[in-house]
Amino acid sequence: MKNQSTSRARADYSRARAKAFLNRVWSVLSGQPTRLLSYDEVREKLRVGGPIYRGVQTIRIDQVAGSLNRYHQFDRAFLPTQDDTASRWQRVDRAFYEDISLPPVVLYKVGQVYFVVDGHHRVSVAREQGQEFIEAEVRECATRVDITPDLKPEELEILGEKVDFLERTRLDRLRPKAKIKLTIPDGFERMLEHVAVHRYFMGLDFQRDIPEEEAVIHWFDTVYLPIGKVIRSSKILKEFPGKTEADLYLWALD
């Protein structure tokens, strides 16, 4: 039985490495990222807080798309990308065939994405064996923006700019239902300029100093929302696949 499980584990690992190679080729041809998300990079860009212990949970494996410190050893599908993972990967795979229970993996959660702290090989083997769920100790990290497992590097840059925008304006606190999504680099920086200009002209109109919070609310209610309403009612977004209401807002003002 042990010899059989060893042989199967070797075959499984070879197949997983071949899949990782094909994923890398596809990444080059398609421009789609295959590298795991780096927790440290996400933490720095999005200024996440925490982590807060949430206990042992059953989570979907396809939501695990990042790593604390081994994002170079596995791709976004958690296939092994380096040969130095072979020995440990095959040991975990043998445990699968021999029905040996393994402890829960340890994950950080940011938005809708889980980052592996401990248990990279267990996640990789479980995914390769077709498991949809895995037991995990979860620690959740607070963030002002949501991220999903299909996050691209350029989207992370824009979300980092969104965090700066929200920290400056507090729009998510002042107007909790406000949902501004941009695909344009530097778009949120330009929106900050719009708010600043709006505040300046409010001061001229009202003949007094305008608090930043008041300017943010007034800009959102009297400028952004009305333009957004026109964009939605005109259904013009159909002519711009992949673009958002906020993208067209910026183009309209430009």
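Values for this structure:
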item	result
Summed residue charge, Cβ within 15 Å of Leu156's Cβ, Lys/Arg positive, Asp/Glu negative	-2
Mean Cα-pair separation over length for the range 51-155, i.e. relative contact order, pairs under 8 Å, 6 or more apart, %	42 percent
Rg in Å to one decimal, and Dmax rounded to a whole Å, for the range 11-116 via C-alpha atoms	15.1, 43
Among (i) 0.99; (ii) 1.29; (iii) 1.13, the entry derived from the coordinates for Cα Rg over 2.2 N^0.38 Å	(ii)
Over the chain, relative contact order from alpha-carbon pairs under 8 Å, at least 6 apart, %	19 percent
Label-point separation, Asp40 to Asp209 (7 Å along Cα→Cβ), nm	4.3 nm
Cα gyration tensor shape of the range 185-254, rounded if a/c is under 1.5, else prolate or oblate by comparing a/b with b/c	prolate
Carbon plus sulfur fraction of accessible area for the chain, probe 1.4 Å, in percent	51 percent
Cβ-derived FRET efficiency at R0 22 Å, Thr6 paired with Ser101, nearest 0.05	0.70
Relative contact order (percent, whole number), the range 27-102, Cα cutoff 8 Å, 6+ residue spacing	33 percent
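The values are calculated or read from the model by the stated rules, or taken from the named source; none is laboratory data. Bear in mind the structure is a predicted one, so any value in this text is a computation, not a measurement. Positions of Cβ are backbone-derived with ideal geometry, glycine not excepted, and every protein chain shown enters the neighbour counts. Heavy atoms of the whole protein, side chains included, go into the accessibility calculation; ligands, DNA and RNA do not. Shrake-Rupley method; radii C 1.70, N 1.55, O 1.52, S 1.80 Å.
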